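Some notes on the structure that comes next.
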Amino acid sequence: MRGARAAWPRWAQVAAGVVGLVGAAPAAAADEGGTVVNCTANPAALQPAINAAAPGAKLLVNGTCTGPFTIDRDLTLLGRNRAVLNGNQVGPTVTVGAVQVRLDKLTITNGKANLGGGILNNAGGTVTLDDSTVERNTASAGGGIFNSSGMVTLNDSRVERNTASAGGGIYNEVGVVTLDDSTLERNTAEGDGGGIDNGGGTVTLDDSTVERNTARFGGGIFNNGTGTVTLEDSTVERNTANGGSGSGGGILNSGVAVTLNDSTVRRNRPDNCAPPGSVADCTG
């Protein structure tokens with residue numbers, strides 16, 4: 001047998017070496033500077049891993065993890081092969097304490113709560129979503145995300161098909177919400193703010209889209225109280241408000257200011273911005 005193997009042509013020996021390297025790749029993936037959490041083998045594995053993690057650690061998440069989950073320390077959760085965090089309809093899918101949390105390449109879904117069906121940031125925490133999706137969650141306020149007084153940043157992420165009484169996609173109470181190259185789409189609120197309900201904080205959209213959201217008032221964006229909203233190179237389009245004329249299909253501004261910089265508000269029903277004149281450079 002040794003002689004037969006030695007007789008292999010050179011190309012076959014090289015191919016065998018390549019196969020060996022490819023086979024080794026999955027083991028090497030564990031060397032990404034983090035701890036692997038295999039929810040494919042054990043759907044309940046993530047919360048114990050969070051509880052055991054040192055502050056500042058990174059967890060590499062595989063499969064669909066069944067929650068809900070509470071994060072009480074600085075932590076990064078990095079999804080591998082589009083991992084899913086499933087809230088199991090028994091609370092916010094992810095509740096964040098007064099810590100810094102990064103959620104990367106994850107789908108956050110199936111949460112049901114009073115505040116923040118998908119993500120509840122209610123203690124002044126800092127939450128960053130990178131290349132992630134928050135979808136199909138429900139709440140009274142903040143179907144996708146509820147941000148109280150903390151900071152939430154979305155980079156290259158989506159908030160879609162969430163439902164709430166107020167803030168179908170995102171409810172920002174008095175905190176800071178920033179969307180960069182991100183999308184709010186097909187979220188629904190029974191009352192205010194299909195896409196975003198900004199109760200009195202600061203919201204900034206940069207190169208982002210708010211589209212096909214629905215509410216009674218402020219189909220795309222509802223800005224209220226001391227709230228300020230700034231759109232940079234962004235679009236608010238094809239949103240619907242069901243409150244009749246003046247209900248702000250795209251944007252309803254009863255807050256301090258909504259500013260459009262190189263941004264477009266168009267094709268919203270029954271109007272783009274309300275009340276008339278409340279958003280400079282917005283017509284129709």
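Residues of segment 254-275 being within 22 Å of THR226 (Cβ to Cβ) and either out of contact with any strand residue (DSSP E or B) (no Cβ under 6 Å at 6 or more places or on another chain) or not in a strand (DSSP E or B) (or both), which ones?
Those that are within 22 Å of THR226 (Cβ to Cβ) and either out of contact with any strand residue (DSSP E or B) (no Cβ under 6 Å at 6 or more places or on another chain) or not in a strand (DSSP E or B) (or both): GLY255, VAL256, SER263, PRO275.
When you scan segment 103-136, how many residues do you find that are on the phi < 0 side of the Ramachandran plot, under 11 Å from the mean Cα position of the chain (by Cα) and not hydroxyl-bearing (Ser, Thr, Tyr)?
Going through segment 103-136 one residue at a time, the tally reaches 11.
Can we say ILE251 is among the aliphatic types (A, V, I, L, M), in contact with a Gly (Cβ under 8 Å, 6 or more places away or on another chain) and under 17 Å from SER182 (Cβ atoms)?
no
All but one of (1) modelled with pLDDT of 95 or more; (2) touching a strand residue (DSSP E or B) at 6+ places or on another chain (Cβ under 7 Å); (3) not in a helix (DSSP H, G or I) hold for ALA49; which doesn't?
Result: ALA49 fails condition (3) only.
Kindly indicate the residue of segment 92-114 that is surrounded by fewer than 21 Cβ atoms within 10 Å (Cβ to Cβ) and among the hydrophobic types (A, V, I, L, M, F, W, C) and also farthest from SER165 (Cα to Cα) among those meeting that condition.
VAL99
Any chance segment 139-149 includes a residue that's surrounded by fewer than 24 Cβ atoms within 10 Å (Cβ to Cβ) and under 21 Å from THR230 (Cα atoms)?
Looking through segment 139-149, at least one residue is surrounded by fewer than 24 Cβ atoms within 10 Å (Cβ to Cβ) and under 21 Å from THR230 (Cα atoms).
State all residues of segment 213-237 that are surrounded by 19 or more Cβ atoms within 10 Å (Cβ to Cβ), out of contact with any Gly (no Cβ under 8 Å at 6 or more places or on another chain) and assigned to a loop (DSSP other than H, G, I, E, B); if no residue qualifies, say none.
SER234
Is it fair to say VAL174 is out of contact with any His (no Cβ under 9 Å at 6 or more places or on another chain), at pLDDT 95 or above, of a type in the set (A, V, I, L, M, F, W, C) and part of a loop (DSSP other than H, G, I, E, B)?
When the stated conditions are applied, VAL174 passes them.
Only one of THR240, THR204 is closer than 20 Å to ARG158 by Cβ, in contact (Cβ under 8 Å) with a residue 40 or more places away in the chain, crowded, with 17+ Cβ neighbours inside 10 Å and of a type in the set (Ser, Thr, Tyr). Can you tell me which?
THR240
The values are calculated or read from the model by the stated rules, or taken from the named source; none is laboratory data. From a predicted model like this one, the values you see are computed outputs, not experimental measurements. Positions of Cβ are generated from backbone atoms using ideal geometry, with glycine treated the same way; all protein chains shown enter the neighbour counts.
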